[in-house]
């Protein structure tokens with residue numbers, strides 16, 4: 001029995017990145033032998049075991065054979081005579097198909113180290129086309145390593161395009177689409193995930209609402225980049241600069257979905273797009289297992305981000321309405337995320353990337369003023385709940401109105 005460190009741990013170590021998770025490949029052993037050594041079996045489709053002390057995953061070397069559509073359509077074969085190179089040969093990218101033996105020597109049968117040095121994401125073999133999840137994984141790795149200058153190999157992008165044309169992307173299940181997307185939203189350049197999917201045609205399959213934005217014009221006065229899809233990618237990029245929270249980034253992604261369904265006669269304006277965006281986010285949530293945090297922040301951002309942009313022009317009553325509708329008094333943390341998503345949208349325009357966005361400070365001040373009111377004199381034994389609520393609302397409005405008279409808006 002021989003044990004090899006494989007996959008991402010080897011890749012990240014060569015890149016000088018911290019190794020947070022280690023996977024091992026076991027060659028020349030049987031499941032019974034591993035169990036006899038105290039390993040605990042956890043694999044459902046193929047034998048994977050947890051080390052009795054470290055808890056790390058040890059998988060028996062295996063090969064696989066395509067038996068049906070989608071990423072579930074595989075038959076796996078494990079045996080003591082399956083070699084390490086055969087196991088590595090079934091992996092997605094060359095940079096993930098390297099191993100280290102017990103002496104620390106690198107085993108690299110497919111040129112992964114050279115591709116790492118050249119910043120190339122290249123598939124290992126034609127078997128790549130058998131698993132549609134690899135389209136998502138490659139796009140995710142493109143987002144992860146974009147800051148290092150990595151790019152997709154031409155032949156890999158071409159293969160991904162062929163997979164989409166052949167219908168492999170249509171077999172992706174919602175749970176896996178969201179799982180890969182959720183990870184991609186946490187990368188340094190999440191917008192690259194979506195542009196990579198668009199380059200191969202998969203974006204129209206897994207996120208048709210986002211894909212539909214490309215080619216839709218906006219007024220050049222406010223959006224020098226004009227194209228709604230380009231603006232969305234720019235807003236997503238800015239959201240990653242402002243916050244590492246994935247729900248903030250998701251809100252930036254979906255805030256303008258309704259612009260894709262604007263009547264041609266109205267273009268390049270988009271009247272009523274906020275309401276349409278909320279509807280499309282709801283439809284997306286029915287198709288994908290979006291966590292409530294993502295769905296709700298996306299909905300609130302789509303519905304109220306224009307209010308935030310025009311904060312200095314809002315009446316005190318409208319400011320209070322926004323604070324109430326976004327549940328800012330009870331959930332100030334989420335309201336802060338809402339403000340970040342709005343700022344990402346404002347900065348996600350050509351020439352606006354580093355421009356100040358004082359609306360955030362303004363709305364923070366308004367929330368603080370409306371929160372810091374004295375209600376000690378309200379006697380619950382003399383007023384019912386609705387009356388107390390109405391009085392609190394009046395006091396909040398008065399506090400906002402008073403602050404607004406003192407607040408000097410920024411000079412344009």
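Laboratory data are not the source of any read-out in this text; all were calculated from the coordinates shown. Note that this is a predicted model, so its numbers are computed, not measured. Cβ atoms come from the backbone with ideal geometry, glycine included; neighbour counts cover every protein chain shown.
Only beta bridges with both residues in the chain are counted; by DSSP, about 75 percent of them are antiparallel.
Applying 1/(1 + (r/R0)^6) with R0 = 25 Å to the Cβ-Cβ distance of residue 114 and residue 17 gives a FRET efficiency near 0.85. Inter-label distance, residue 188 to residue 406: 4.4 nm, where each label sits 7 Å from its Cα along the C-beta direction. For residue 199, put the label point 7 Å out on the Cα→Cβ axis and report which residues of segment 93-123 keep their amide N under 18 Å from it. So the set is 93-96, 115-123. When you work out D = kT/(6 pi eta Rh) for segment 202-289 at 37 °C and 0.692 mPa s, using the Kirkwood radius from C-alpha pairs as Rh and the Stokes-Einstein form, the result is 246 µm²/s. Percent of Cα pairs in segment 322-389 per distance bin of 10 Å, from zero to the largest separation: 17, 37, 26, 12, 7, 2.
The modelled label-to-label distance between residue 286 and residue 325, using points 7 Å beyond Cα along the C-beta direction, is 2.3 nm.
Rounded if a/c is under 1.5, else prolate if a/b is larger than b/c, else oblate: which is segment 220-367, with a ≥ b ≥ c the root eigenvalues of its Cα gyration tensor? It comes out rounded by the Cα gyration axes.
Between helix 292-309 and the chain there is an angle of about 40 degrees, using the helix long axis and the longest principal axis of the Cα atoms. With springs only between Cα atoms under 10 Å apart, run a GNM on the chain and tell me which of 392, 230, 281 wobbles the most. Highest fluctuation of the listed residues: 392.
Angle of helix 133-144 to the longest C-alpha principal axis of the chain, folded into 0 to 90 degrees and rounded to 10: 60°. Name the most mobile residue of 176, 315, 151, meaning the one with the largest mean-square fluctuation, in a Gaussian network model of the chain with Cα contacts below 10 Å. Of the options given, 315 has the highest mean-square fluctuation. Modelled spin labels at residue 309 and residue 53, positioned 7 Å past Cα toward Cβ, are 6.0 nm from each other. Antiparallel beta bridges, as assigned by DSSP with both residues in segment 1-125, represent about 85 percent of the total such bridges. In segment 132-206, the C-alpha radius of gyration followed by the widest Cα-Cα span (Dmax) gives 11.3, 32 angstrom. Comparing mean-square fluctuations of 42, 248, 133 from a GNM of the chain with C-alpha springs under 10 Å, the top value falls on 42. With helices as the sole contributors, the chain gives -14500 deg cm²/dmol at 222 nm; each DSSP H run of n ≥ 4 counts as -39500 (n - 2.57), and the sum is divided by every residue. Averaging the Cα positions of each part gives two centres, and for segment 86-153 and segment 197-252 these lie 27 Å apart. In this structure, residue 148 and residue 241 have a Cβ-Cβ separation that, at R0 = 22 Å, corresponds to a calculated FRET efficiency of about 0.80. For the chain, the relative contact order works out to 10 percent when only alpha carbon pairs closer than 8 Å and six or more residues apart are counted.
Debye-formula intensities of segment 1-125, expressed as log10 I(q)/I(0) at q = 0.09, 0.21, 0.22 Å⁻¹, are -0.26, -1.28, -1.35 (one equal scatterer per alpha-carbon, no solvent).
Could you grab the relative contact order for segment 251-333? Cα pairs under 8 Å, six or more apart, rounded to a whole percent. Rounded, it is 31 percent for segment 251-333. Averaging the sequence gap over all C-alpha pairs within less than 8 Å and six or more residues apart, then dividing by the number of residues, gives segment 132-206 a relative contact order of 52 percent.
Angle of helix 191-200 to the longest C-alpha principal axis of the chain, folded into 0 to 90 degrees and rounded to 10: 60°. Each 10 Å bin from zero up to the one holding the largest Cα-Cα distance in segment 241-322 carries the following percent of pairs: 18, 43, 33, 7. This ranking places 222, 178 by how few other beta-carbon atoms lie within 10 Å of each, fewest first, which gives 222, 178.
May I ask you to list the residues of segment 1-22 whose amide nitrogen lies under 17 Å from a point 7 Å from Cα along the Cα→beta-carbon direction of residue 30? Under cut-off, by backbone N: 1-2. Legend: Rg and Dmax of segment 76-133, from Cα coordinates, 12.3, 35 Å. Between segment 1-24 and segment 310-361, the alpha-carbon centres lie 43 Å apart.
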